[in-house]
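Comments concern the structure below.
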Amino acid sequence: MSDQFNIEIPEDDNLPRRVCKDCGWIDYVNPKIVVGAVCTFEDRFLMCRRAIEPRKGYWTFPAGFLELDESTEDGARREVREEACAEVEIDRLLAVYSLPHVGHIQIMYTARMLSPDFAAGPESLDVKLVTWDEIPWEDLAFRTVRWALRHFDEVKGREDFSAFSNPEPIE
């Protein structure tokens, strides 16, 4: 497939792109959107131990890639169902993280579980509800998981906050 494309700067553009030699179609490679939710039931947090790479065996909250024709809220709810077999109500936007080094934009929400029912989905080795003090901080899968949990803690009970962005520089 790569011999079908030239790398060139298309007219009216300023970045090199893959351009089809035959028809001129431009392959725009754009960031992937990840959606997720810091889910709670009463005073506990829903955590999932990853069954897939990257970071298999590490803990996270439900999150994954947004699908076409899906709102970000619907995507976050779907990820909770897929990874933790739980149903949630999305409360509000918590954070938007820009991760250009991996080509991701992450959109994180807060959500309330509608019941204490959950189970490990196909992408989770284990799922559990934990208190703040029981969060496995040393075994979190990604720094964005830590960021979102800290942001959640900073704003719990507040109605007057704006969504957070990256709290530290990305190298």
Number of the condition not met by SER2 [criteria: (1) surrounded by fewer than 19 Cβ atoms within 10 Å (Cβ to Cβ); (2) modelled with pLDDT of 95 or more; (3) of a type outside the set (Val, Ile, Thr)]: (2)
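Determine whether ARG112 is under 19 Å from the mean Cα position of the chain (by Cα), in contact (Cβ under 8 Å) with a residue 60 or more places away in the chain and assigned by TED's automatic domain parsing to the domain that holds LYS56. Spell out how you get there, then give the answer.
Details: under 19 Å from the mean Cα position of the chain (by Cα): yes; in contact (Cβ under 8 Å) with a residue 60 or more places away in the chain: yes; assigned by TED's automatic domain parsing to the domain that holds LYS56: yes.
Yes.
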Pairs with Cβ under 7 Å, 6+ apart, first in region 154-166 and touching a residue at least 12 places away in the same chain (Cβ under 8 Å) and at negative phi, second part of a helix (DSSP H, G or I) and surrounded by 10 or more Cβ atoms within 10 Å (Cβ to Cβ): PHE164/HIS151
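With the requirement that a residue be among the aliphatic types (A, V, I, L, M) and either crowded, with 18+ Cβ neighbours inside 10 Å or part of a strand (DSSP E or B) (or both), what does region 10-53 give you?
We begin by selecting, within region 10-53, every residue among the aliphatic types (A, V, I, L, M); these are 15, 19, 26, 29, 33-35, 37-38, 46-47, 51-52.
Of everything in region 10-53, those that are among the aliphatic types (A, V, I, L, M) and either crowded, with 18+ Cβ neighbours inside 10 Å or part of a strand (DSSP E or B) (or both) turn out to be VAL19, ILE26, ILE33, VAL34, VAL35, ALA37, VAL38, LEU46, MET47.
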Filter pass, VAL102 being under 26 Å from LYS156 (Cα atoms) and hydrophobic (A, V, I, L, M, F, W, C): no
Neighbours by Cβ (under 7 Å, 6+ apart or cross-chain): first from region 57-69, in contact (Cβ under 8 Å) with a residue 24 or more places away in the chain; second in a loop (DSSP other than H, G, I, E, B): TYR58/ALA141; TRP59/PRO136; TRP59/ALA141; THR60/ALA141; THR60/PHE142
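Let me confirm something: among GLU73, GLU83, GLU89, which residue is part of a helix (DSSP H, G or I), more than 15 Å from PHE45 (Cβ to Cβ) and in contact (Cβ under 8 Å) with a residue 24 or more places away in the chain?
Working: GLU83 fails: more than 15 Å from PHE45 (Cβ to Cβ); GLU89 fails: part of a helix (DSSP H, G or I).
So the residue among GLU73, GLU83, GLU89 that is part of a helix (DSSP H, G or I), more than 15 Å from PHE45 (Cβ to Cβ) and in contact (Cβ under 8 Å) with a residue 24 or more places away in the chain is GLU73.
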Pair list, Cβ < 6 Å and 6+ apart or interchain, from region 137-150 residues that are without any contact (Cβ under 8 Å) to a residue 12 or more places away in the chain to residues that are surrounded by 14 or more Cβ atoms within 10 Å (Cβ to Cβ): ARG146/LEU140
Qualifying residue in region 152-165 (condition: surrounded by 15 or more Cβ atoms within 10 Å (Cβ to Cβ) and in contact with a helix residue (DSSP H, G or I) (Cβ under 6 Å, 6 or more places away or on another chain)): yes
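The values are calculated or read from the model by the stated rules, or taken from the named source; none is laboratory data. Please read these numbers as outputs of a predicted model, since none were measured by experiment. FYI the Cβ positions are ideal-geometry reconstructions off the backbone, even for glycines, and counts take in every protein chain you see.
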